[in-house]
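Data first, discussion second: the structure below is written as structure tokens.
The values are calculated or read from the model by the stated rules, or taken from the named source; none is laboratory data. The shown structure was predicted, so the numbers you read here are calculated from the model rather than taken from an experiment. A quick note on method: Cβ atoms are made from the backbone with ideal geometry, for glycine too, and the neighbour counts reach across all protein chains shown. Surface areas here come from the heavy atoms of the whole protein model, side chains and all, with no ligands, DNA or RNA. Shrake-Rupley method; radii C 1.70, N 1.55, O 1.52, S 1.80 Å.
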Amino acid sequence: MVNLESLIAPRDEAPNPFRLSAAGKCARRLGYELHYPQEVPPVEPRVVAIFELGSLIHDWMRGKLSALYGERFHSVERPVELEVEPGFAVPGHIDGILETEEGPLLLDIKSASDKSAQNMSSNGAPYEYRAQVNAYLEATGLQKGALVVYNKNTSEVTTLPVDHDPTVVAQIKERFRAVRHSTPEQLPEREHEASSFACRYCPFRGRCW
Ligand code: SF4
């Protein structure tokens, strides 16, 4: 009988706290990833499936954007780096840049559940996504970005603007610096309440609280 467990093995990989996609995550969580990587459980098949399908949607959306805009959509999957202190930079890669009449627009593609997509439409991009896009904007020297959100339930696509925000960039740099200089005994401060969504799904919840 075919089931998800027979199709997809759990994924067991060491976490990497120094990546720009983690720019908005809790600094203490990133500190735990750095010092206690063995405590991150293997990613279960259902979540691996979500990642893999999200990756397929990413590729499909990038292909559609290239077909629609041609050379105006460029720098697809371009590696970038954000220097957070002298001699130390955090790497990442961008989805692409669209040349518009108002100037270059950095695009970051997200696939989202209906609930999450509706929440973003009503309340704007959440902090974690704004931080990620701001990390890319700072790394590329651009001022304007946008999330392109694909709703996995309805196939609706919405675009949410994210402008360069020096306050968010300063927070990102301080977050990565705090993680880099942390030790198992001196970890970065917690950034969420125990009752928060972030803590509920954090693999270090038991150690943290
Ligand atoms: S449990 Fe919450 S505060 Fe603690 S590391 Fe995880 S996300 Fe941060």
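Overview of values
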| read-out | value |
| --- | --- |
| Of the DSSP H helices in the chain, those whose Cα atoms cover at least 20 Å axially and whose Kyte score averages 0.0 or more | 45-69 |
| Bridge type composition, the chain - antiparallel percent by DSSP, nearest 5 | 75 |
| Heavy-atom accessible area order for K152, K64, K25, largest first, 1.4 Å probe | K64, K152, K25 |
| Linear extension gain, T183 paired with E128, 0.36 nm per residue minus alpha-carbon span | 17.4 nm |
| Among 84-90, 125-131, 192-198, the order from most to least packed when residues are scored by Cβ within 10 Å on average | 125-131, 84-90, 192-198 |
| Length released on extending from T167 to D12, taking residue separation times 0.36 nm less the Cα-Cα span | 52.3 nm |
| Projected area, mean over directions - the chain, Cα convex hull, nm² | 13.6 |
| Estimated FRET transfer efficiency when R0 is 41 angstrom, pair Y201-E102 (beta carbons, to 0.05) | 0.65 |
| Residues listed by number, segment 106-141, amide nitrogen under 12 Å from K64 label point at 7 Å toward C-beta | 110-112 |
| Fully extended contour minus Cα-Cα distance, from V47 to A89, at 0.36 nm per residue | 12.2 nm |
| Pairs of lysine residues in the chain - Cα separation under 23 Å, sequence separation of 8 or more or cross-chain | 11 |
